[in-house]
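The values are calculated or read from the model by the stated rules, or taken from the named source; none is laboratory data. Since we're looking at a predicted model, the values are computed, not measured. Because the Cβ atoms are built from the backbone with ideal geometry, glycine has one as well, and the counts that use them run over all protein chains shown.
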Amino acid sequence: MKPPVLVRDLAHVVGPDAVLWRPEDLLLYEYDGLSSARQPHAVVFPSTTEQVVSIVKLAARENLPVVARGAGTGLSGGSVVTEGGIVVATSRMKKIVEIDLENQRARVQPGVVNLDLSLAVSDHGYYFVPDPSSQKACTIGGNVAENAAGPHTLAYGVTTNHVLGLEVVLPGGEVIHTGAPFWDRPGYDLRGLLVGSEGTLGIVTEVTVRLCRKPEAVVTLLSIYERVVDATRTVAAITARGITPSALEMMDGFTLRAVEEATHAGYPMDSAAVLLIEVEGLREAVEEQADQIAQVCRENQAREVHRAQTTEERELLWRGRKNAFGALGRISPSYYLQDGVIPRTRLPEMLEYIAQVARKYDLLIGNIFHAGDGNLHPIIMFDPRDAGQAQRVRPRGGRGAATIGHGQWSPGNPPASYLSLRSLSGPRPHNAGPDSSP
Ligand SMILES: Cc1cc2nc3c(=O)[nH]c(=O)nc-3n(C[C@H](O)[C@H](O)[C@H](O)COP(=O)(O)OP(=O)(O)OC[C@H]3O[C@@H](n4cnc5c(N)ncnc54)[C@H](O)[C@@H]3O)c2cc1C
């Protein structure tokens, strides 16, 4: 099979080993972490910003949509195409360009895996705070595009709070630099606009991130409950006392049994729910906060409040939590993951409502979520081969259907925001790279 002209032109830009175009090679790229859509015309793996510019210009010539893709763990269909087009995969753009510990920042290409950045600076006592559960796989470019959150969002904020500057290739092929190596650059906050825009405004080709010092002390508590409602009440009670843990996660009994069977992390198999609570900071303050939290848990009928005794035990509990989706995948052929945020004071009634929905539709629904933020993840288990079940989970054309492909823009039809973004950003000042003063 002879490659089409487009593929030959793309190969001219990135090299023949950096373009996929045969249908069997494209299969994987029909999917992200949740949805499936159409095959792209080609998947291309650039290594540099210049190559991304050339790819975008080629796409414009062919009037084809362009979709950026990191690790493909996204759950909102942003990295899959709906009408063909070119997928720009960043997995070869994985250089940590610069680590600047004195200024607590790093400059990275977008394909750097989230956890790899923290590992690279860990020995120096630093880490990159955003820690989605997918952090072993997902990329910093994907985190930026999704404004990803994680367990430690509660205390330290989401990705946008840890991104200082961006280099972005716009749909017309222009390269812009937004933000600065420092906070609060004068002018419009285009960095803030781009973070969370799900790839709709351009392709991020470099990110300047903030690095944080690892805390002096960390205490991890596992609070165990006989009733879900007691766990949910504890969440609001902790914050009502003016305590902000660095993480406050909840798993219901169904989920934690699946997790324990898969990971042997030390979760109790016989409880209705657990809270995984972490406090960190200066040693004395952490000890005091941990004692206060344990007391609140007991006041809210915790059966037991267990404190991780060693770093290994702490890491094991987190490994269980972060592998929970995989653990649920072992017991169900498929699942439909929901993602919503509610005030944490409404958690008790919302968990009861989810239980009612499960009963009404005769479905298993597990709950694992960032309880401190009220960020729920009801996970509906189902077997897609069972037509009745599949229909109950995602009514065809109904409100349950996933949104697909909104990360896509087409050079011939850029989003309205593109034009204004280009005019607001202006040309790149000759000295205004991520390393220079604002
Ligand atoms: C098991 C599991 C657990 C998860 N846990 C969390 C969690 O705790 N918190 C959370 O927030 N999310 C979570 N996610 C969702 C997902 O991992 C995150 O959204 C992550 O940031 C996506 O990164 P990615 O590299 O996989 O991006 P992809 O899935 O490849 O892409 C996601 C979006 O980013 C765009 N994009 C990717 N790279 C670029 C770029 N260089 N320039 C412009 N746009 C780009 C894509 O076009 C797409 O719209 C989880 C997913 C899974 C499967």
Tell me, which helices (runs of 4 or more DSSP H) wholly within segment 234-329 include 2 or more residues that are within 22 Å of LEU115 (Cα to Cα)?
253-263, 311-322
Condition first: away from the ligand (no atom under 13 Å from the Cβ) and either of a type in the set (A, V, I, L, M) or exposed (fewer than 15 other Cβ atoms within 10 Å of the Cβ) (or both). Can you find one or more residues in segment 65-73 that meet it?
no
Filtering segment 284-325 for residues that are under 27 Å from ALA390 (Cα atoms) and surrounded by fewer than 14 Cβ atoms within 10 Å (Cβ to Cβ) leaves a count of 0
Given the residues THR139, THR159, THR178, THR153, which is the only one that is farther than 16 Å from CYS212 by Cα, within 10 Å of the ligand (Cβ to nearest atom), of a type outside the set (A, V, I, L, M, F, W, C) and surrounded by 20 or more Cβ atoms within 10 Å (Cβ to Cβ)?
THR139
Number of the exception - ALA145 against (1) touching a Gly at 6+ places or on another chain (Cβ under 9 Å); (2) surrounded by fewer than 19 Cβ atoms within 10 Å (Cβ to Cβ); (3) part of a helix (DSSP H, G or I):
(2)
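Residues checked against (1) part of a helix (DSSP H, G or I); (2) assigned by TED's automatic domain parsing to the domain that holds PRO181; (3) touching a residue at least 12 places away in the same chain (Cβ under 8 Å):
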position	(1), (2), (3)
GLY78	no, no, yes
LEU117	yes, yes, yes
VAL121	yes, yes, yes
ASP131	no, yes, yes
LYS136	no, yes, yes
ALA155	yes, yes, yes
THR160	yes, yes, yes
Could you tell me whether any residue of segment 80-101 is within 15 Å of the ligand (Cβ to nearest atom), buried (at least 21 other Cβ atoms within 10 Å of the Cβ), modelled with pLDDT under 95 and at negative phi?
yes
Could you please let me know if LEU170 is more than 10 Å from the ligand (Cβ to nearest atom) and within 18 Å of HIS377 (Cβ to Cβ)?
no
When the residues of segment 192-227 are filtered to those that are in a loop (DSSP other than H, G, I, E, B) and among the β-branched types (Val, Ile, Thr), which remaining residue is nearest to the ligand (Cβ to nearest atom)?
THR200
Among (1) assigned to a helix (DSSP H, G or I); (2) crowded, with 16+ Cβ neighbours inside 10 Å, there is one condition LEU166 misses while meeting the rest; what is its number?
(1)
Only residues in segment 198-224 that are closer than 30 Å to THR234 by Cβ count as the first member; pair them with residues that are within 8 Å of the ligand (Cβ to nearest atom) and part of a loop (DSSP other than H, G, I, E, B), Cβ under 7 angstrom, at least 6 apart or cross-chain, and list the lot.
none
Counting only residues that are at pLDDT 95 or above and assigned to a loop (DSSP other than H, G, I, E, B), which one in segment 42-63 is surrounded by the most Cβ atoms within 10 Å (Cβ to Cβ)?
PRO46
